[in-house]
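Asks: Next up is a structure, given as structure tokens.
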Amino acid sequence: MSTSLFTPIQFGGLTLNNRIVMPPMTRSRAKNGCANAMMAEYYAQRAEAGLIIAEGTQISQLGQGYAWTPGIYSPEQIQGWKLVTDAVHAKGGKIFAQLWHVGRVTHPSNTGGVQPISSSEQAAKGVKVFIDEEDQPNFVDTVLPRAMTHDDIEHVKGEYYQAALNALEAGFDGVELHAANGYLVNQFIDSEANLRDDEYGGSTENRLRFLGEVVDQLVSVVGKERVGVRLAPFTCLNGTVDSDPEATYIEAAKLLNSKGIGYIHIAEVDWDDAPDTPISFKQNLRQAFDQTIILAGKYNPEKAQQALEQGFADMVAFGRPFVANPDLVTRIKNQYPLAEHNPDTLFGGAEQGLTDYPVYSEA
């Protein structure tokens with residue numbers, strides 16, 4: 001019998017009811033940096049997903065890139081996330097925390113006035129972030145970061161370790177490392193963003209060193225099978241570019257395979273007119289990584305089923321469709337039409353555009 005989106009899957013001692021993933025999507029509803037009851041309702045509405053990966057969650061104030069995103073470094077933030085995990089578990093769902101440090105993709109307005117840090121003293125040119133300006137979002141340019149010292153690297157690794165402990169205390173079933181989309185870990189991986197000449201820069205092996213060391217911190221807390229890593233080999237988002245992404249990210253997959261982690265989550269290019277991820281990359285990724293592979297980006301149910309049948313994916317993430325379709329799994333299963341989200345309510349605000357999308361009714 002062929003694998004379908006509705007075939008259960010097991011990893012890390014978890015049994016997931018289906019292979020449909022709700023991926024991390026920033027919604028900026030945490031005005032005080034804490035997850036809240038409104039967010040708990042939002043995630044619980046979508047708990048029929050086989051796996052929910054919660055929105056990017058900063059591991060420190062210096063790791064925050066945008067206004068109103070949640071953190072996981074204070075007791076109040078842990079309590080906020082407990083509301084979310086309890087609500088999801090009450091509906092029978094499974095939820096991982098995505099641990100996030102943005103590195104240079106920020107502004108001092110979001111970091112408590114502190115200069116951002118990165119692999120190198122190099123700005124994310126042409127990249128804007130939004131800040132809270134008298135309770136209104138204002139888009140501003142990022143600023144020049146300072147290159148991380150070895151002490152900085154050790155300190156941030158410790159923050160990831162503590163964030164993983166906090167995630168378990170908050171009731172998450174596992175953690176995902178955000179190593180994609182131009183944020184801090186990605187700033188070490190991609191050759192054009194990493195200008196270092198020490199053991200963290202230069203060769204592919206060196207540029208992957210920080211990734212591997214952070215993963216080791218997470219594994220030591222959560223256990224290898226409950227750790228996932230999100231990568232974005234071809235997106236070039238937020239100014240990170242690699243000279244040979246296919247080679248670099250296959251080496252990353254081999255490194256992560258050696259760590260025995262539960263899954264790799266590939267964020268594919270998903271904007272209009274973007275080229276598809278090379279088939280050669282998906283084939284080589286499958287050979288390089290033995291555990292679960294999640295693919296995300298421009299997937300509809302038919303394309304997702306094809307990815308499963310081809311063996312390129314074990315699970316498929318549907319981002320934007322989950323925004324307007326809290327019952328997305330039911331809609332896919334019954335071939336009900338999908339609702340369209342309102343782009344004006346994606347970021348900031350309150351319940352409108354977050355928890356007020358209805359489930360499908362034949363009436």
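Asks: For segment 5-21, take each phi angle, set θ = phi - 60°, evaluate the Karplus expression 6.51 cos²θ - 1.76 cosθ + 1.60, and give the result in whole Hz per residue in order, putting x for glycine and proline.
Replies: Result, rounded to whole Hz: 4, 10, 7, x, 9, 10, 7, x, x, 9, 10, 9, 5, 7, 9, 9, 10.
Asks: Percent relative contact order of segment 77-235, based on C-alpha pairs within less than 8 angstrom and at least six residues apart? Before the final figure, lay out the partial values.
Replies: Values: 267 pairs, mean separation 40.9, N = 159.
Relative contact order, segment 77-235: 26 percent.
Asks: Continuing with this model, one more query. Would you please give the FRET efficiency between V143 and D276, computed as 1/(1 + (r/R0)^6) with r the Cβ-Cβ distance and R0 = 41 Å, to the nearest 0.05? Provide the component values of the computation, followed by the final result.
Replies: Numbers: r = 35 Å, r/R0 = 0.85.
With R0 = 41 Å, the Cβ-Cβ based efficiency is 0.70.
Asks: For a quick check, take a GNM of the chain with Cα springs below 10 Å and name the residue from R104, R19, R146 with the largest mean-square fluctuation.
Replies: R146
Asks: Post the alpha-carbon centroid distance, segment 207-282 to segment 1-50, in whole angstrom.
Replies: 20
Asks: Now a separate question. Kyte-Doolittle cut-off -0.5, length cut-off 15 Å along the helix's own axis using Cα: show which whole DSSP H helices in the chain pass. Provide the component values of the computation, followed by the final result.
Replies: Numbers: long enough: 75-90 (22 Å, -0.28); 150-169 (29 Å, -0.80); 209-222 (20 Å, 1.09); 245-259 (21 Å, -0.35).
Counting only whole DSSP H runs, the qualifying helices are 75-90, 209-222, 245-259.
Asks: Further, regarding this structure: About the Cα centre of segment 9-345, what is the dipole size in debye to 20, counting +1 per Lys and Arg Cβ and -1 per Asp and Glu Cβ, all else neutral?
Replies: On the way: 28 positive and 43 negative charges, 171 e Å.
The calculation lands at about 820 debye.
Asks: If the only charges are +1 at each Lys and Arg Cβ and -1 at each Asp and Glu Cβ, what is the size of the charge dipole of segment 271-315 around the Cα centre, to the nearest 20 debye? Write down the numbers at each step before the final one.
Replies: Working: 4 positive and 7 negative charges, 21 e Å.
Rounded to the nearest 20 debye, it is 100 debye.
Asks: Work out how much length E246 to I9 would gain on full extension: take 0.36 nm times their residue separation and subtract the Cα-Cα distance, in nm to one decimal.
Replies: Working: separation 237, 0.36 × 237 = 85.32 nm, distance 2.79 nm.
Stretched fully, the E246-I9 segment lengthens by 82.5 nm.
Asks: Starting with the highest mean, order 218-224, 87-93, 53-59 by the number of other Cβ atoms within 10 Å, averaged over the residues of each peptide. Don't skip to the end; give the middle numbers.
Replies: Numbers: 218-224: 18.9, 87-93: 16.1, 53-59: 27.0.
Per-residue mean Cβ counts within 10 Å order the peptides as 53-59, 218-224, 87-93.
Asks: With the contact rule set at Cα under 8 Å and sequence spacing of 6 or more, what percent relative contact order holds for the chain?
Replies: Values: 812 pairs, mean separation 60.0, N = 363.
It comes to 17 percent, rounded to a whole number.
Asks: Follow-up. Order of 173-181, 187-195 by packing, highest average Cβ count within 10 Å first?
Replies: Details: 173-181: 26.4, 187-195: 22.0.
Descending packing order for the listed peptides: 173-181, 187-195.
Asks: Can you tell me how much longer the chain between R286 and E199 gets when fully stretched, taken as 0.36 nm per residue apart minus their C-alpha distance, in nm with one decimal?
Replies: On the way: separation 87, 0.36 × 87 = 31.32 nm, distance 2.86 nm.
Stretched out fully, the R286 to E199 stretch lengthens by 28.5 nm.
Just so you know, all these numbers are worked out from the coordinates, no wet-lab data involved. Model, not experiment: these values are computed from the prediction. Every residue, glycine among them, receives a Cβ derived from its backbone with ideal geometry; neighbour counts consider all protein chains shown.
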